1. Just add up the charged neighbours of residue 119: K/R +1, D/E -1, any other residue whose Cβ is under 14 Å from the Cβ of residue 119.
2. How many angstrom lie between the Cα centre of segment 268-286 and the Cα centre of segment 55-78?
3. Where does the charge balance sit around residue 301 when Lys and Arg score +1, Asp and Glu -1, over other residues with C-beta under 11 Å from its C-beta?
4. For residue 62, go through the lysines and keep the ones whose alpha-carbon is under 24 Å away, minus same-chain ones fewer than eight residues off.
5. Which whole-Hz couplings ³J(HN,Hα) result when phi for each residue of segment 95-105 is put into the Karplus expression 6.51 cos²θ - 1.76 cosθ + 1.60, θ = phi - 60°, listed in order with x for Gly and Pro?
6. Taking the radius of gyration and the Kirkwood hydrodynamic radius from Cα positions alone, what is the Rg/Rh ratio for the chain, to two decimal places?
7. Can you divide the C-alpha Rg of segment 2-83 by 2.2 N^0.38 Å and report the result to two decimal places?
8. Picking from 19, 253, 229, whose Cα lies most toward the positive end of the charge dipole for the chain (charges on Cβ: Lys, Arg +1; Asp, Glu -1)?
Amino acid sequence: MTSIRKWLVGGLLALPVAMATLWGAMALWYTLPGSETLRTGMALAFALFGAASLAVALYRQKFVTSLVPLTFVLAATIAWMTSMQPSNDRQWQPDVAALPHAEIDGDIVTVRNIRSFEYHQDGRQSPRWVDKTFDLRKLDRLDLIAVHWMGDDIAHIMLSFGFGDDQIAVSIEVRKEKGESYSAWAGFFRQYELYYVFADEADVIGLRTTYRKPPEDVYLFAIDADRENIRKLFLEYVGKANKLRSRPEFYNTIITNCTTNIVMHIRAFQKNVPFDWRILASGYFPELFYEAGAMDQSMSYRDLRNASLVNERAHAADGAPDFSRQIRAGLPGRATDKN
């Protein structure tokens, strides 16, 4: 009976030990300095050490003593990870080189370093950073932008705030260094700083519909929310941008990303936002707003989504000064303002 109990304990321990070993190996591969060969060797050594420790523990049926060395090595890896600090002082890629921030004077908000790049079909960028002043009393609309770049399940989510005839979009992204590319796996291991892009819609939408190869599908949904809550959400965003300027943070693929941060900002003034699996499955995130009644209810969500694709409009409006107005032409109507 004792032997059976030990094997049951071993079986229960096997999965978490294997997962911890995999995490440790990946952490070393992504975070250690040096060549890819060195990092690969260290990661393989950790994986083999973990596998051997688990095999010895199962064979000897002495789980505590057999796993103590692995525990120490894993603890050292965690200590190494936590010693890494985010920074605003790196060699950044041009499209994230400037940190946006805002100055607030009553109802007047001046946002600095708004990205307004011009993109070219050959992949070149013409950088342009601008400052704009917004009157919060004119903030009267909110839009959700869903960018599908890898099928229906995964989307990049952005919000866009409307001030009368003006529009400013905010995209929560990773801040990539020169020569760095995005990896969802690397995002688990403190490889990117968190970055809030404040931008013209012609930049963040036009880039994805017209200049990315291949182009990405961009959906623009009008959100029915009262003006006071839109104001609070916008101030949450500019407040976060100001904090990141003085206190940088790491991006995390699961807990600090383009959807979880939106929910975090909404929960700052609306506490009853429930957890839903679609917060993590970002491709389905817009459905949460539809089911809450915050999108056009005159049609099914599927029909609304199909009608909200703006790629053709964005192509036609490329380079136009009224880009934001043109891409909204023909979209499902906005719900009545809840002033």
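Read-outs throughout are calculated quantities, based only on the coordinates presented, and are distinct from any laboratory measurement. The shown structure was predicted, so the numbers you read here are calculated from the model rather than taken from an experiment. Cβ coordinates were reconstructed from backbone atoms using ideal geometry, including for glycine residues, and neighbour counts include every protein chain displayed.
1. Details: positive: 115, 124, 128, 208, 212, 213; negative: 95, 118, 122, 200, 201, 203, 216, 318.
With Lys, Arg at +1 and Asp, Glu at -1, the neighbours total -2.
2. Computed from Cα coordinates, the inter-centre distance equals 38 Å.
3. Computed value for this residue: -2.
4. 6
5. Once rounded to whole Hz, the list reads 6, 10, 6, 9, 8, x, 7, 9, 10, 10, 10.
6. 1.06
7. Numbers: Rg = 13.9 Å, N = 82, 2.2 N^0.38 = 11.7 Å.
My calculation over the Cα atoms of segment 2-83 gives 1.19.
8. It is 19, whose Cα lies furthest towards the positive end.
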